[in-house]
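Engineer: I have a structure I would like to understand better, so I am pasting it below and will then ask my questions one at a time.
The values are calculated or read from the model by the stated rules, or taken from the named source; none is laboratory data. It should be emphasised that the depicted structure is a prediction, and the values quoted were computed from it without experimental measurement. Glycine gets a Cβ as well: all are built from the backbone with ideal geometry, and neighbour counts include every protein chain shown. These area figures cover heavy atoms from the full protein model, side chains too; ligands, DNA and RNA do not enter into them. Shrake-Rupley method; radii C 1.70, N 1.55, O 1.52, S 1.80 Å.
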Amino acid sequence: MMLQQWCSGTEQSLDGMGCTYFLLGFLNGLSTTDGFADGASKVWCFPSGITAGQVELIVKKFMREHPEELHRSAAAIAGRALYIPYSCKKS
């Protein structure tokens, strides 16, 4: 529920900034972690140049469309929201 509260705030509010900075840190953490993985074990395939703003839109959309997930932690919600469009497709 905390992520939903943060991401419901206006862009200039403390909550809104909390949403943006949490998601920016989350994205950077995922990207850094995957940077150490070899091609076969890589989980996340983010497009080059993805922005925190894009990530925020995706996560907000996920929360609107999946209210049953809102009891989960902020990291679990963000991870699920981003895994759907950006998981590496295994062949």
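Engineer: Checking the condition surrounded by 11 or more Cβ atoms within 10 Å (Cβ to Cβ) and modelled with pLDDT under 90, which residue from 62, 36, 46 passes?
Structural biologist: When all the criteria are applied, what remains is 46.
Engineer: Moving on. Exactly one condition in (1) at pLDDT below 90; (2) open to solvent by less than 30 Å² (accessible area, probe 1.4 Å); (3) under 14 Å from the mean Cα position of the chain (by Cα) is not met by residue 9; state its number.
Structural biologist: Going through the list (1) at pLDDT below 90; (2) open to solvent by less than 30 Å² (accessible area, probe 1.4 Å); (3) under 14 Å from the mean Cα position of the chain (by Cα), residue 9 breaks only (3).
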